[in-house]
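Some notes on the structure that comes next.
The values are calculated or read from the model by the stated rules, or taken from the named source; none is laboratory data. Please read these numbers as outputs of a predicted model, since none were measured by experiment. Heads up, the Cβs are rebuilt from the backbone with ideal geometry, glycines too, and the neighbour counts pull from every protein chain shown. Please note that ligands, DNA and RNA were not included when accessible areas were found on the heavy atoms of the full protein model with its side chains. Shrake-Rupley method; radii C 1.70, N 1.55, O 1.52, S 1.80 Å.
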Amino acid sequence: MLFPIKPLDHEVTVPHDHEVGRSHRSARVLVRWTGVPIGKLEVPVVDGRVRAADVGSLALRQLSDAFGRELVRRALAAGRPGEVPGLERFWNPPEEPVAEGLPTVSVIVCTRDRPDDMARCLASLARLKHPPLEIIVVDNAPATDATRQLVAGYPEVRYVREDTPGLDHARNRGIRESRGEVLAYTDDDVEVDPGWTLALARTFAGDPSVGLVTGLVEPAEQETEAQVLFEDYGGFGRGWTRTYLQSPRGVAMSWELIGAGQLGAGANMAMRRKRLEDTGWFDPALDVGTPTLGGGDHEMFFRFLKSGWICLYEPEALVRHRHRRSFEELERLLFSYGHATRCYFDRETLNFPEDEPAIRKLRRWWWRHWAWQRWLRAFWAKGWFPRRLVEAEVRGYLAARGAYERARRQIVADEFERPDRFLGRLDGRGEIGSVGVTQVEVSQPLEDLIEGEDWRELDVAVCLHGRPLGRIRVKSLGRPVPAERLADRIAGDFWFNILDLAGEPALSWAEFHADLGRRLVPEGGGGGQRLDDRVPVGIVVPTCGRVSDLRRCLDSIRALETTRPVKVLVVDNRPGSGTREALEGDFPEVEWVEEPRRGSSYARNAGLALAPGEILVMTDDDMVVAPDWLEKLLVPFARQDVVAVTGCVLPGRLETEAERDFETYGGFHRGPERREFGHAWFRRWRWRAVPTWQLGGTGNLAIRAEFLEREGGGYFMECLGAGVPAGVGEDTLFFYRVMMEGGSVIYEPSAVAWHYHRASKDGLRRQLFSYARGHVAYHLVTWLKFGDWRGLTRLIYELPVSFAGRALDRLRGRSDYPMSLLGLEVLGSLAGPLALFQSWRRMKRSGVGHRRWNYYGDQKSGEVSA
């Protein structure tokens, strides 16, 4: 189960903390600048809040470029390029009055038997800043009158009943019933942004060539795994920058435009009424409620492009969609998407034979890049996306053979009565030229390029104070190019250069970045994170007959600087060795646990099962911790998404050659920089194994106790770890499972501990041989138990290449790592599969130490004594 995510809007000009409660681990924050979407951030929840300071810090790191582009676009569009890079003029301008002459907007909501969703939609429409001319609810073949009764409570909303089933029938009924110059469509499971209709009206008013507009669709909630998965799969949103799509009228379209996927979805689309004379209305044989199951929105996008009108994706026109909540609903939805895709292809092939070659190419792309590569990745990379859902979409595509033709004959028998007849096949190729050349000076206010009336396309040289910055190509198709569209293109390509009108981009960028930082992250805002001092902590220290090492470790734990309740448990993995008897009197505050079954995972699980506390901390008997180690390690747990934290491990001594060789091997240190590892990082590794060994280890580790007992969580796998034939790997597997389930692991370098390496050559050789076995065993477990094939890439390709490269470096004198130790690593790797089998058989005989080490396999529980 992935953790629930809270979608939020964050307006940077009026920053404030957002109360979300403790049930959410992180928030999907849409960062907006005076209403304009700038980008999305994944922000942790701290003490039930999303803090404005955290949002600002992340926005400064991840979205500075987007803020720079938007600043330049605003300056160019306002005719004030000389005020760049100053943020003062554009940061929080006074709200402009609604301009006169905006086109009237009719809002049309099609629904069928979802009154609860419809109520939320109507409530959001009542909050619109720019009231539409009318709001029409088209009730499509309802089984009850619940929607009619609901709409009766909204006097400003008109109810229309359409008894012919089919979403496109309902959409066409909305066209007949409406009076607005712009028809804005949304769905009943959508909540619109207050500025939605104003953004649409301004977009149509600003460019007469725009025929159709779609907008950003963000999730309204991500409470269930299905809703999170839908966004991971692509969702409805298409980014945070404007996208202009246009194709010459009367000419075969390019295959990239035919899919029209760059435009989004019909849950947020609007069109000029008078352009429907060219394009025709919606095809009633398509979409929900017909045998085709969908495709009506994309088919309309296609015909608008075919007519030569601009189709514009405008992210400022924002709505939020409530995705399907259950896995079964999502599976049916993706089946319908595959089904609708083929019906859409068949429909355009039948109606536009001149586009058949491009549609064939798009079909091949769909199979090769969309279906096959996604299926292969879902098969190969565990945790990326359930393969069953990818297969549902493929099954839908295969099942759609002939579905469109059947629907067309069934729904519109008379071809001359079709409302979707296309009348836009006027070829004007001989009337205008191909490519015109012009120049703009961005230090002066931009003007409409009327030269576009004579050309299909303009090659525009962009200059700054007479100095060429570069060239852009702008489609005009015989129409003027508005200054606002020109500003979009120029800002997108040359924003960094334009930030400094004096010719010092690097200096101006630094000034802009500093100014942006002061606005996004006010001085002293937010304060530092800290876990509440009342949160109890348990510290688990496994030991195996090393009395002097354990004494040194416990002395350092006793010296910890903390005021919180802490309980220390020492797990004796070799009872009868005399360790407890030697130390129990000197450390009366320590609780002792005996685990007779050999293996560090058995010992750790025994301690974790008995240790009190919300946070459980682990170290080893050959470690020494710093006085502030515990509190530094606990700081990240103020965030609800954090499941595990690792710390910095430095060598405690480097006196012998063996100790120095271990540091040359790599040691335990993971660098001075704080790093975060989460589900997105886990999914990033498409074909290669997830390098969980970069995260640290159990010698300096804290975990959230609730993860051990919840579904999908669990304890350490006891066939891995020191003391069993397979050797190490239990910690890397634990990190793997945390990230696969949506949790985060933080590497916190300020939490320092020191490890005393093996002092003898024999001890080092045994250690490295065990590490090599365990590394291979870990990858085999991810493959055999979790179905993740990426580990095989590591075993079959990456490890042999790594060994060969390290050997070559040694021969060339670039490394002083002993060749004998490298050979030992190779032998250990070869022994890994057999060692894993032996460990597995041994675990079966000894029994599972804790019932929840893994949510697969046998659940035989052992016993521990305290």
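At a glance:
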quantity: Whichever residue in segment 90-128 is of a type in the set (A, V, I, L, M, F, W, C) and out of contact with any Ser or Thr (no Cβ under 9 Å at 6 or more places or on another chain) and, among such residues, is least open to solvent (accessible area, probe 1.4 Å); calculated: L122
quantity: Filtered residues of segment 774-785 (kept if within 25 Å of the chain's Cα centre (by Cα) and open to solvent by 10 Å² or more (accessible area, probe 1.4 Å)); calculated: W783
quantity: All positions within segment 253-269 that are farther than 23 Å from I108 by Cβ and modelled with pLDDT of 90 or more; calculated: M253, S254, W255, E256, L257, I258
quantity: Test result for L830, over 30 Å from E711 (Cβ atoms), within 39 Å of the chain's Cα centre (by Cα), at pLDDT 95 or above and open to solvent by 70 Å² or more (accessible area, probe 1.4 Å); calculated: yes
quantity: Residues of segment 415-440 that turn out to be modelled with pLDDT of 90 or more and surrounded by 15 or more Cβ atoms within 10 Å (Cβ to Cβ), as a count; calculated: 3
quantity: Hits in segment 362-398 (condition: in a helix (DSSP H, G or I) and of a type in the set (A, V, I, L, M)); calculated: L362, A371, L376, A378, L389, V390, A392, V394, L398
quantity: Residue within segment 280-303 that is outside any loop (DSSP other than H, G, I, E, B), in contact (Cβ under 8 Å) with a residue 12 or more places away in the chain, under 22 Å from P480 (Cβ atoms) and under 33 Å from the mean Cα position of the chain (by Cα) present; calculated: no
quantity: Candidate set: segment 26-40, residues that are in contact (Cβ under 8 Å) with a residue 60 or more places away in the chain and in a strand (DSSP E or B); chosen: the one most open to solvent (accessible area, probe 1.4 Å); calculated: K40
quantity: Residue under evaluation L550, criteria (1) of a type outside the set (F, W, Y); (2) closer than 20 Å to W629 by Cβ; (3) open to solvent by 70 Å² or more (accessible area, probe 1.4 Å); (4) over 42 Å from the mean Cα position of the chain (by Cα), criterion not met; calculated: (3)
quantity: Members of segment 726-762 that are in a loop (DSSP other than H, G, I, E, B), among the charged types (D, E, K, R) and open to solvent by less than 20 Å² (accessible area, probe 1.4 Å); calculated: E741
quantity: Residue selected from segment 204-240 under the condition in a loop (DSSP other than H, G, I, E, B) and of a type in the set (S, T, Y), by the criterion least open to solvent (accessible area, probe 1.4 Å); calculated: S209
quantity: Options S744, S750: the member that is closer than 21 Å to H24 by Cβ, among the polar types (S, T, N, Q) and touching a helix residue (DSSP H, G or I) at 6+ places or on another chain (Cβ under 9 Å); calculated: S744
quantity: Single match in A626, A658, A680 (criterion: surrounded by fewer than 23 Cβ atoms within 10 Å (Cβ to Cβ), farther than 21 Å from V566 by Cα, over 32 Å from the mean Cα position of the chain (by Cα) and not charged (D, E, K, R)); calculated: A658
quantity: Any pair with Cβ under 6 angstrom, 6 or more apart, that starts in segment 435-454 at a residue that is of a type outside the set (A, V, I, L, M, F, W, C) and ends at one that is part of a loop (DSSP other than H, G, I, E, B) and surrounded by fewer than 15 Cβ atoms within 10 Å (Cβ to Cβ); calculated: S443/H465; P445/G79
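Here's the yes/no breakdown for (1) crowded, with 23+ Cβ neighbours inside 10 Å; (2) under 18 Å from G729 (Cα atoms); (3) under 37 Å from the mean Cα position of the chain (by Cα):
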| residue | (1), (2), (3) |
| --- | --- |
| G607 | yes, no, yes |
| R639 | no, no, yes |
| R653 | no, no, no |
| P672 | no, no, yes |
| E676 | no, no, yes |
| V690 | yes, yes, yes |
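Here's the yes/no breakdown for (1) open to solvent by 10 Å² or more (accessible area, probe 1.4 Å); (2) at pLDDT below 95; (3) of a type in the set (K, R):
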site	(1), (2), (3)
A559	yes, no, no
L569	no, no, no
S577	yes, yes, no
R597	yes, yes, yes
D622	no, no, no
